[in-house]
Amino acid sequence: MAPVFSYIHNLISNDILSLLSIVFFTIFLLYSATKWSKSKNKSPLLPPGPIGLPLVGSLPFLDPELHSYFATLARSYGPIFKIRLGLKLGVVISSPTLAREVLKDHDITFANRDVPIVARTLTYGGTDIVWTPYGPEWRMLRKVCVLKMLSNTTLDSVYVLRRREVRETVGYLYSRSGSPVNFGEQVFLTILNVITSMIWGGTVKGEQQRASLGAEFRQMVAEMTELLGKPNISDFFPGLARFDLQGLDKKMKVLAQTFDRIFDMMIDQGLKMDKEGGKDFLHFLLRFKDEEEALTMLHMKALFMDLIVGGSDTSTNSMEFTMAEILNNPEVMAKIRQELDAVVGRDNIVEESHIQKLPYLNAVMKENLRLHAPIPLLVPHCPSQTCTIGGYSVPKGSRVFFNVWAIHRDPSVWENPLEFKPERFLNSKMDFSGNDLSYFPFGSGRRICAGVAMAERMFVYSLATLLHSFDWKLPQGEKLDLTEKFGIVLKLKNPLVAVPIPRLSDPKLYD
């Protein structure tokens, strides 16, 4: 009997084991199916990126040269990656394809800004065209800038102001013939005078005043843009904002108050004058304010700040880089001279009407803006809702950077990208419209720079005049230094000092 009982026991045990195996296998299948189903319906993951330290993220590791630091991270993590900055999430875009997804396919979603504290201080609470959130207020400001203040019609009407200031600079440089001059300071003061004369008719006059105020104002604007570009702990830990631990906001307030006093004085003078007779921006805005209640005095002053700080600094830095590249490439200088002599001649002066007849010089400008993007990471965007880009989730409220500096130097997009080669833009359809996301030095989409038309005119006209009127060389014993210095804007680390030598046939052409 024992063998029989043993057989029955084994049979029952085997059946139970089989049954248990089937049950566990079924449970496993159901669990796996549930996990698979959830993964299919799950939101996309965040982009890859460095883990960083608890709480502070990657803040302690931020390189002051952010554009090159981000380019290094992109080589490890790909064309879209995240970077944790304290309690904030940053997302960095480094490819034309992904830039198009953001700035074209999801333009409205990403048309907002995450406004830094120092930017709020500089622009009267972020009431300017750069930092104002996308919406009716921003559209009103855009209309004022693009359709009225900076339209081609308006710019045509104030050409006499640009011409006057450029000719004044030529006269000053002629008086300094053979002597070293700080090229950037002279260009800065020329552009500043053009902008202020367009705003309210005021300029800096006199040789001594020109030299001292050119350096003083440029230093102030340089400090402002440097403060805008510095990582601020208070931005990444909102609860610490009122403590201003690095003192950046305090410094910005001091600088901004200087310009604020000037703005108040000029607006006060404008209000005392006949609004109908004034042709400058101030009088236009005062007239527009009577029709458009939404436009406030703070809006006006914030727009003036955009024009003076943004317009003067970026244009100056770009022209300084361009002149340095030209001096570093004698064959480029020779081609520019040949074109200018053929179009303008040595017994004439450059006019803005010549600009469209100077394709090589225009190509030189574009090549410089490719190699030395004025704002290498653009002004950061901020999505109004969570969005999927490149298969990854970009959360609402994150700070989105576009590494234009890296895209413009990408060897998969550009042949020999580190070479200064203007010929790549000859017979090219690439322009500043932001339609081609492999080249967008002024941004793209709704938040593209409002001053592109003015910057383009001022850049080419001024550069053509300075290269046509003078031969330029470095002071004896000096070496050219093209090292970049990063802020929110890109500039030469060391100022360009050069010697102007008159080259026109008649001294009267320098009057």
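The values are calculated or read from the model by the stated rules, or taken from the named source; none is laboratory data. Everything numeric in this text was worked out from a predicted model, so none of it was measured. Every residue, glycine as well, gets a Cβ built from its backbone with ideal geometry; the counts of neighbours run over all protein chains shown. Protein only, heavy atoms only, side chains kept; ligands, DNA and RNA dropped before computing areas. Shrake-Rupley method; radii C 1.70, N 1.55, O 1.52, S 1.80 Å.
From D114, D105, which residue is of a type outside the set (F, W, Y), surrounded by fewer than 22 Cβ atoms within 10 Å (Cβ to Cβ) and closer than 22 Å to M224 by Cβ?
D114
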Original post:
Taking region 296-318 on its own, how many of its residues are surrounded by 20 or more Cβ atoms within 10 Å (Cβ to Cβ) and either in a loop (DSSP other than H, G, I, E, B) or aliphatic (A, V, I, L, M) (or both)?
Top reply: 7
Original post:
Can you name the residue in region 148-170 that is charged (D, E, K, R) and either in a loop (DSSP other than H, G, I, E, B) or farther than 18 Å from F470 by Cβ (or both) and is also modelled with the lowest pLDDT among such residues?
Top reply: K148
**OP:** Give region 250-272 a look and list any residue that's surrounded by 14 or more Cβ atoms within 10 Å (Cβ to Cβ) and either over 24 Å from M140 (Cβ atoms) or in contact with a strand residue (DSSP E or B) (Cβ under 7 Å, 6 or more places away or on another chain) (or both), or say none.
**Re:** K251, M252, K253, L255, I262
**OP:** Return yes or no: is E216 open to solvent by 20 Å² or more (accessible area, probe 1.4 Å), part of a helix (DSSP H, G or I) and at pLDDT 90 or above?
**Re:** no
Original post:
Scanning region 481-499 for residues that are in contact with a Ser or Thr (Cβ under 9 Å, 6 or more places away or on another chain) and within 16 Å of L66 (Cβ to Cβ), which turns out most open to solvent (accessible area, probe 1.4 Å)?
Top reply: K493
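Please pick out the residue among E293, E331, E352 that is over 30 Å from K479 (Cβ atoms) and exposed (fewer than 14 other Cβ atoms within 10 Å of the Cβ).
Being over 30 Å from K479 (Cβ atoms) and exposed (fewer than 14 other Cβ atoms within 10 Å of the Cβ) holds for just one of E293, E331, E352, which is E293.
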Original post:
Would you say G278 is within 24 Å of the chain's Cα centre (by Cα), modelled with pLDDT under 85, more than 15 Å from T121 (Cα to Cα) and open to solvent by less than 20 Å² (accessible area, probe 1.4 Å)?
Top reply: no
Original post:
When you look at A455, is it at pLDDT below 95, open to solvent by less than 50 Å² (accessible area, probe 1.4 Å) and part of a helix (DSSP H, G or I), yes or no?
Top reply: yes
